[in-house]
């Protein structure tokens, strides 16, 4: 605390009336009396007597006014500015903000009633002007009349009661908020556990199906049934959740055209990159030299239709919404909420959910699982941006169908695995 900030109140308008008669008391002092509740029990004469032991202090933003643990020898009234009250938590040493004090409020008034140390640190949040009243001098002054000192103590008591009420209300609201956040965290935790467990079961079952069910069409059907069942179970859990379905991205946004247009632009950009990389492989790797850049899977070399490929496209389109519900809607949304205390919660939610999404494709091949991670992250960022599954599902369908069935990426991966 800087001593040069102290200015005698006689140099300001509040002490300009100390020698004046009641009829001559200016409007500034009358306003002062009317505005500050601590002094409303005192007459104008009593207030003038009190101001003999008062002074004005001014503080800059960030300047400490009172320190936790200091002796309480005075109390303050905020003439102008904003103050913040902090309390240090002993075990962690971290300072917690308890309150903000505005113009017209007082603090340290307990020094009038009892000699105790400060129970918080008060810091100026902006340029602040305070009225400082020395309670130690006040209590020992012989010329003080006890009846107006009693009035001041009564005002301090009322002020303390009001502050306790406000503190109780603030504490109650904080507890309600904390309880709600705890319930949300618990709900999201259950959702995350369920999502991870079911996606893990899907991955294991898919690997078993491809390993022991020798007919590919049967294995694909088995995986499709399992994924639909999983997506349906997740949807039912969403319906029972304390969150609305919109929290999980299950709604049609008002700007759905813009969402689809944005998703299409992102998809075209990714597909252009995939086509470019395939072109590089064709030009530089002899094994791929004979591959065409565009290789529609639904047409055989002789021009006849490949109905199995057409069926695969239809099945893929039908299953994409279920994958998006599980990966983006359930897992990413829950992780983002669960990690809300972290600054990078969106990034980690996208990363973790897509790691599981990629792992769920590992039954096809490790290379395919790795390739799905990249578009999965793109869809994760698109979902975080749009908050709706509409755009991500559309992009998922466009990228998957074009990459696998038009660019022939699945055939390219097959050639790598057979090498």
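Of the helices (runs of 4 or more DSSP H) lying entirely inside the stretch 127-242, those containing at least 2 residues that are under 20 Å from residue 365 (Cα atoms), at pLDDT 75 or above and in the same structural domain as residue 352 (by TED's automatic domain parsing) span 146-212, 216-240. Going through (1) over 22 Å from residue 174 (Cα atoms); (2) modelled with pLDDT of 75 or more one by one, residue 82 falls short only on (1). For residue 77, the stated conditions hold: it is in the same structural domain as residue 133 (by TED's automatic domain parsing), closer than 16 Å to residue 109 by Cα, more than 30 Å from the chain's Cα centre (by Cα) and modelled with pLDDT of 80 or more. Among the residues of the stretch 284-298, those identified as surrounded by 10 or more Cβ atoms within 10 Å (Cβ to Cβ) and part of a helix (DSSP H, G or I) are 287, 288.
Taking the conditions exactly as written (over 26 Å from the mean Cα position of the chain (by Cα) and either under 21 Å from residue 200 (Cα atoms) or outside the structural domain of residue 324 (by TED's automatic domain parsing) (or both)), does residue 272 satisfy them or not? Spelling it out, it is not the case that residue 272 is over 26 Å from the mean Cα position of the chain (by Cα) and either under 21 Å from residue 200 (Cα atoms) or outside the structural domain of residue 324 (by TED's automatic domain parsing) (or both). Of the listed requirements (1) modelled with pLDDT under 80; (2) more than 16 Å from residue 127 (Cα to Cα), residue 67 misses just one: (1).
Taking the conditions (1) within 31 Å of the chain's Cα centre (by Cα); (2) touching a residue at least 40 places away in the same chain (Cβ under 8 Å) in turn, residue 308 satisfies each one other than (1). Within the stretch 86-109, does at least one residue satisfy the condition of being buried (at least 18 other Cβ atoms within 10 Å of the Cβ), modelled with pLDDT under 80 and in a helix (DSSP H, G or I)? Within the stretch 86-109, one or more residues are buried (at least 18 other Cβ atoms within 10 Å of the Cβ), modelled with pLDDT under 80 and in a helix (DSSP H, G or I). Based on what the data block shows, is residue 329 surrounded by 18 or more Cβ atoms within 10 Å (Cβ to Cβ), touching a residue at least 24 places away in the same chain (Cβ under 8 Å), in the same structural domain as residue 275 (by TED's automatic domain parsing) and out of contact with any helix residue (DSSP H, G or I) (no Cβ under 6 Å at 6 or more places or on another chain)? For residue 329, the condition - surrounded by 18 or more Cβ atoms within 10 Å (Cβ to Cβ), touching a residue at least 24 places away in the same chain (Cβ under 8 Å), in the same structural domain as residue 275 (by TED's automatic domain parsing) and out of contact with any helix residue (DSSP H, G or I) (no Cβ under 6 Å at 6 or more places or on another chain) - is not met.
The values are calculated or read from the model by the stated rules, or taken from the named source; none is laboratory data. The structure displayed is predicted, hence computed values, not measured ones. Note that each Cβ is placed from the backbone with ideal geometry, even for glycine, and that neighbours are counted across all protein chains shown.
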